[in-house]
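Visitor: I am attaching a structure below and will ask some questions about it afterwards.
The values are calculated or read from the model by the stated rules, or taken from the named source; none is laboratory data. Model, not experiment: these values are computed from the prediction. Quick reminder, even Gly has a Cβ in these numbers, built from the backbone with ideal geometry, and neighbours come from all protein chains shown.
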Amino acid sequence: AYVFQSGWTGVNERTFIAIKPDGVQRRLVGQIVQRFEKKGFKLVGMKLIQATEGLLKEHYTELRSKPFFSGLISYMSSGPVVAMVWQGLDVVKMARKMLGETNPADSLPGTIRGDYCVEVGRNVIHGSDSVESAQREISLWFRENELQCWEDTHSHWIYN
Ligand code: GDP
Ligand code: MG
């Protein structure tokens, strides 16, 4: 069970990002990680993981009654995903902007989905949709000791 931790706010806000199996297969991991690094966010957790159906059903529990749900679970379990936690000011909302819209067809060029994919059922990346979802998803995918606290030596050049 997860406990909502209200301490992770401001520059310590965190979001859960996952490069989906198509993103890994298509060798997009480096490019996607680079976008978050260049933006100025801080990586606090990352692992390559073959997600179980149980984990994915829990992760996408809000969508369980959708017609595409079983296809979504088999897509997401078709290979390893890169699960990540990124930290920074307004990271949840800004990461969603960096991702683009759920449907790549509605995603502007310059966004990850706008640049790297075509169909909603192969949209290469996941990002939490709210601070509450981020807390839930991070505790679902990561143990506390898999998340690193480290001093960002150039944070003064990102935050004033
Ligand atoms: P997201 O938060 O932008 O990822 O979108 P949702 O939470 O609404 O949906 C989760 C994921 O389910 C999406 O990223 C897609 O991979 C998939 N999905 C959503 N809508 C559809 C759909 O209409 N058809 C199919 N095949 N997949 C969908
Ligand atoms: Mg979502």
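Visitor: When you scan segment 44-71, how many residues do you find that are more than 30 Å from GLN148 (Cα to Cα) and either within 14 Å of ligand 2 (Cβ to nearest atom) or modelled with pLDDT under 95 (or both)?
Guide: Here the count works out to 5.
Visitor: Condition first: within 12 Å of ligand 2 (Cβ to nearest atom) and surrounded by 21 or more Cβ atoms within 10 Å (Cβ to Cβ). Now tell me which residues in segment 127-138 satisfy that.
Guide: GLY127, SER128, ALA134, GLU137
Visitor: Let me ask something else about it. Determine whether segment 106-117 contains at least one residue that is surrounded by 18 or more Cβ atoms within 10 Å (Cβ to Cβ), closer than 19 Å to ARG14 by Cα and within 14 Å of ligand 2 (Cβ to nearest atom).
Guide: No, the conditions are met nowhere in segment 106-117.
Visitor: I would also like to ask the following. What pairs can you find where one residue is in segment 109-120 and among the small types (Gly, Ala, Ser), the other is at pLDDT 95 or above, and their Cβ atoms are less than 8 Å apart, with a gap of 6+ or different chains?
Guide: Listed by first residue and then by second, the contacts come to GLY114/GLY100; GLY114/PRO104; GLY114/SER107; GLY114/LEU108.
Visitor: Return only the number of the condition from (1) touching a Lys or Arg at 6+ places or on another chain (Cβ under 9 Å); (2) loosely packed, with under 14 Cβ neighbours inside 10 Å; (3) charged (D, E, K, R) that LYS57 does not satisfy.
Guide: Tallying (1) touching a Lys or Arg at 6+ places or on another chain (Cβ under 9 Å); (2) loosely packed, with under 14 Cβ neighbours inside 10 Å; (3) charged (D, E, K, R), LYS57 fails exactly one: (2).
Visitor: Given the conditions (1) surrounded by fewer than 13 Cβ atoms within 10 Å (Cβ to Cβ); (2) within 16 Å of ligand 2 (Cβ to nearest atom), report the number of the one that ASN103 does not fulfil.
Guide: (1)
Visitor: Further question on the same structure: Would you check which residues across segment 117-160 are within 16 Å of ligand 1 (Cβ to nearest atom), β-branched (Val, Ile, Thr) and assigned to a loop (DSSP other than H, G, I, E, B) and list them?
Guide: Passing the criteria: VAL118, VAL124.
Visitor: Six or more apart or on different chains, Cβ under 7 Å: which pairs go from a residue in segment 61-72 that's without any contact (Cβ under 8 Å) to a residue 40 or more places away in the chain and aliphatic (A, V, I, L, M) to one that's surrounded by 11 or more Cβ atoms within 10 Å (Cβ to Cβ) and assigned to a helix (DSSP H, G or I)? Could you list them?
Guide: Close Cβ pairs satisfying both conditions: LEU63/PHE69; LEU63/LEU72.
Visitor: Can MET98 be described as within 14 Å of ligand 1 (Cβ to nearest atom) and either under 22 Å from LYS57 (Cα atoms) or modelled with pLDDT under 95 (or both)? Steps first, please.
Guide: On the way: within 14 Å of ligand 1 (Cβ to nearest atom): yes; either under 22 Å from LYS57 (Cα atoms) or modelled with pLDDT under 95 (or both): no.
No: the conditions fail for MET98.
Visitor: Another question about this same structure. Among all residue pairs at least 6 apart or on different chains, which show Cβ distances below 6 Å where the first residue, located in segment 23-52, is surrounded by 13 or more Cβ atoms within 10 Å (Cβ to Cβ) and the second is modelled with pLDDT under 95?
Guide: Here the result reads LYS42/ASP152, each pair linking segment 23-52 to a residue that is modelled with pLDDT under 95.
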